[in-house]
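The values are calculated or read from the model by the stated rules, or taken from the named source; none is laboratory data. Bear in mind the structure is a predicted one, so any value in this text is a computation, not a measurement. Neighbour counts run over all protein chains shown; Cβ positions are idealised from the backbone, glycine included.
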């Protein structure tokens, strides 16, 4: 489903990007301020007007980026896919070069969630928590939903949407999050090419990424989605075993 399914069209080229059900008005206000801070620091953020509400559900009003999402853009240009994956990875890495120490810590959030995960091997959990502890001070901008369907390709460049999970943390955790989400979508083609392209950009290796794949998978187990458990547990065993 298109990420723009959560958009409510408004006047003057604006949309209300609805936040997950249960988000409070106070949280929407804080998120709006956070998104403006990201834009002010040069992050790929559309202009943010402030919080809004539609049919009892809160969101953030933004200037709507105009263009196809990354999947649609690639479908329009089937002979340029290798170059497009390089561009996708480059833009992802460029975003990670922005330091945002004032944002909430994704590492702290993951630590709390993983501590609450049950029915996983104690040694695997200890490895995940140790990795997070070593990276507690990382303060790079993280999107946390960087997927092809969440990136709008405009004449001004790509604009990611769905920023509600953003925060600060280490680069590889954000890449691992995208890889795990694509694995859950059974989209190994996009996952493989995004990961390879990103690792080329930043000179990291798969061996350095792998512990993050297991740690992010364990964090995702905290959502307690039954149909995801087998895949996530397999990733935990494979990369933290």
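Residues that are free of Cβ contacts under 8 Å to residues at least 12 places away in the same chain, farther than 18 Å from residue 145 by Cβ and part of a loop (DSSP other than H, G, I, E, B) were ranked within the stretch 12-62; the one that is farthest from the chain's Cα centre (by Cα) is 12. Scanning the stretch 89-119 for residues that are in a helix (DSSP H, G or I), more than 21 Å from residue 35 (Cα to Cα) and touching a residue at least 60 places away in the same chain (Cβ under 8 Å) gives 89, 90, 113, 114. Screening 167, 214 for residues that are in contact with a strand residue (DSSP E or B) (Cβ under 7 Å, 6 or more places away or on another chain) and surrounded by 16 or more Cβ atoms within 10 Å (Cβ to Cβ) leaves exactly one candidate, 167. In the stretch 136-145, is there at least one residue being without any contact (Cβ under 8 Å) to a residue 40 or more places away in the chain, crowded, with 16+ Cβ neighbours inside 10 Å and within 29 Å of residue 9 (Cα to Cα)? So far as the stretch 136-145 goes, yes, one or more of its residues are without any contact (Cβ under 8 Å) to a residue 40 or more places away in the chain, crowded, with 16+ Cβ neighbours inside 10 Å and within 29 Å of residue 9 (Cα to Cα). With respect to residue 100, is the statement that it is closer than 20 Å to residue 41 by Cβ and surrounded by 14 or more Cβ atoms within 10 Å (Cβ to Cβ) true? It is true that residue 100 is closer than 20 Å to residue 41 by Cβ and surrounded by 14 or more Cβ atoms within 10 Å (Cβ to Cβ). One residue stands out in the stretch 197-211 among those that are within 17 Å of the chain's Cα centre (by Cα) and either closer than 16 Å to residue 81 by Cα or in contact (Cβ under 8 Å) with a residue 60 or more places away in the chain (or both): the one that is surrounded by the most Cβ atoms within 10 Å (Cβ to Cβ), namely 198.
Of the residues making up the stretch 49-65, those that are in contact with a helix residue (DSSP H, G or I) (Cβ under 6 Å, 6 or more places away or on another chain) and either surrounded by 22 or more Cβ atoms within 10 Å (Cβ to Cβ) or modelled with pLDDT under 95 (or both) are 58, 60.
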